[in-house]
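The values are calculated or read from the model by the stated rules, or taken from the named source; none is laboratory data. Keep in mind the model is a prediction, meaning the values are calculated, not measured. Neighbour counts are summed over all protein chains in view; Cβ atoms, including those assigned to glycine, are modelled from backbone coordinates with ideal geometry. Surface areas here come from the heavy atoms of the whole protein model, side chains and all, with no ligands, DNA or RNA. Shrake-Rupley method; radii C 1.70, N 1.55, O 1.52, S 1.80 Å.
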Amino acid sequence: MKSTFQIAVFQGDGIGPEIMAPTVELLSGLATAGGYGLNFADAPAGAAHYRDTGESFPVASMEAARSADAILLSAMGLPDVRYPDGTEISPQIDLRKALTLFAGVRPVTIRPGQPTPLATDKPVDFVLIRESTEGLFYTQGRGEVERDEARETLRITRAICEPLFKFAFDLAASRKAAGRGPGKVTCVDKANVFRAFAFFREMFDAEAAKHPGLEADHAYVDATALWMVERPWSFDVMVTENMFGDILSDLGAGLMGGLGLAPSADIGADHAVFQPCHGSAPDIAGQGVANPMAMILSAAMMLEWLGGRHGVPAMTADGARLRDAVDKVVAEARVLTRDLGGTAGTADVAAAVKEALA
């Protein structure tokens, strides 16, 4: 059984390095105590690297990502550093496409004591799965612009959607077995207007038929946005197209009180990237006040994924422990950063999470 794992680390831009450092420290401590190994190797990429070198994603960094057992990626991008065509430097999207990371996993959980704009005390715990390699992002950087017209292409393929839907139903089954959900998958689309989404729904229904012990239903994306606000507790696992998922995942973060508690994973057949949903916040970079919780929660997802993939129960357990430690710190509400209504700094929060692990 494999017991030592190579982790490619992309430090990111802005606050990226500040939230990555305590996360790696927490992971190292867990690995030492848990009897498994995590070897971290930095891989340069991003907006600052592009500004300084003219290269946004070195070939060596992509190779490091390909050969790693998992990839930790911090916040990327700087608003004033762009390609000549005006688009942002987005190594995270480059990785999704290069490594075929078709399942973008965005958990939405409202923890006890967690600030939320929702006027409810009902538990909210669902997962949005965003297809992450095609859809309306298919022609990113290659759209056609003429004098009076611009065009982008939305692409839906069987090669991507069939494993995507299998992933969604497998996740619903595992959540049901763990007591975290009823075992329901909702297909979010716009099949009443677009033929591509009718095709998307057809493939979803075919996969649903293979899982008679799970519930499957459908929702149009506009109605889903409404229901996520009115009754988010009614969802378990949602699966949708790339652009729809991009938008709805931020709505989900809003339900949680902001992006500071929003982790994510982009998972394919052979590779996975784990990163916070928030941006690089260059306006507060270097001040030691950034919230590291989304980065830490993303690392917890990495441990659970690695542990399940390689049969290492200690890693799976440590992923759950790390997530629970963050939950405890949030619930106690003594050590929170400014975005969550507190006054603590990055190091204070990391120390509180470490103490909660003890």
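Some points to look at:
- Of the residues making up the range 103-130, those that are at pLDDT 85 or above and either open to solvent by less than 20 Å² (accessible area, probe 1.4 Å) or touching a Gly at 6+ places or on another chain (Cβ under 6 Å) (or both) are Ala103, Gly104, Val105, Arg106, Val108, Thr116, Val124, Phe126, Val127, Leu128, Ile129, Arg130.
- Residue in the range 188-207 that is exposed (fewer than 14 other Cβ atoms within 10 Å of the Cβ), modelled with pLDDT of 95 or more and part of a loop (DSSP other than H, G, I, E, B) present: yes
- Of all positions in the range 240-250, at least one carries a residue that is buried (at least 20 other Cβ atoms within 10 Å of the Cβ) and in a strand (DSSP E or B).
- Matching residues in the range 208-226 - criterion: being over 17 Å from Leu248 (Cβ atoms), part of a strand (DSSP E or B) and open to solvent by 70 Å² or more (accessible area, probe 1.4 Å): Glu215
- Considering the range 154-183, the residues that are open to solvent by 30 Å² or more (accessible area, probe 1.4 Å) and among the charged types (D, E, K, R) include one that is farthest from Trp227 (Cα to Cα), namely Arg158.
- Taking every residue in the range 130-153 that is free of Cβ contacts under 8 Å to residues at least 12 places away in the same chain and part of a loop (DSSP other than H, G, I, E, B) and pairing it with any residue that is loosely packed, with under 14 Cβ neighbours inside 10 Å and among the hydrophobic types (A, V, I, L, M, F, W, C), at least 6 positions away or on another chain, the pairs with Cβ-Cβ distances below 7 Å are Gly143/Ala150.
- Within the range 276-314, the set of residues being in a loop (DSSP other than H, G, I, E, B), open to solvent by less than 40 Å² (accessible area, probe 1.4 Å) and either touching a strand residue (DSSP E or B) at 6+ places or on another chain (Cβ under 9 Å) or closer than 16 Å to Asp348 by Cβ (or both) comprises Ile284, Gly288, Val289, Ala290, Asn291, Pro292, Val312.
- Residues of the range 6-31 that turn out to be of a type in the set (Ser, Thr, Tyr) and either modelled with pLDDT under 95 or surrounded by 18 or more Cβ atoms within 10 Å (Cβ to Cβ) (or both), as a count: 1
- Residue satisfying all of: in the range 75-92; more than 22 Å from the chain's Cα centre (by Cα) and in a loop (DSSP other than H, G, I, E, B); surrounded by the most Cβ atoms within 10 Å (Cβ to Cβ) among these: Val81
- Residue match in the range 266-273 (condition: touching a strand residue (DSSP E or B) at 6+ places or on another chain (Cβ under 9 Å), open to solvent by 30 Å² or more (accessible area, probe 1.4 Å) and either over 25 Å from Arg66 (Cβ atoms) or part of a loop (DSSP other than H, G, I, E, B) (or both)): yes
- Exclusive hit being in a loop (DSSP other than H, G, I, E, B) and closer than 28 Å to Gly252 by Cβ, set Leu101, Leu72, Leu95, Leu27: Leu101
- Here the range 32-69 is the region considered, the condition is being surrounded by 12 or more Cβ atoms within 10 Å (Cβ to Cβ) and charged (D, E, K, R), and the residue that is nearest to Met301 (Cα to Cα) is Asp69.
- Residue count for the range 227-239, restricted to those that are open to solvent by 50 Å² or more (accessible area, probe 1.4 Å), touching a helix residue (DSSP H, G or I) at 6+ places or on another chain (Cβ under 9 Å) and in contact (Cβ under 8 Å) with a residue 60 or more places away in the chain: 1
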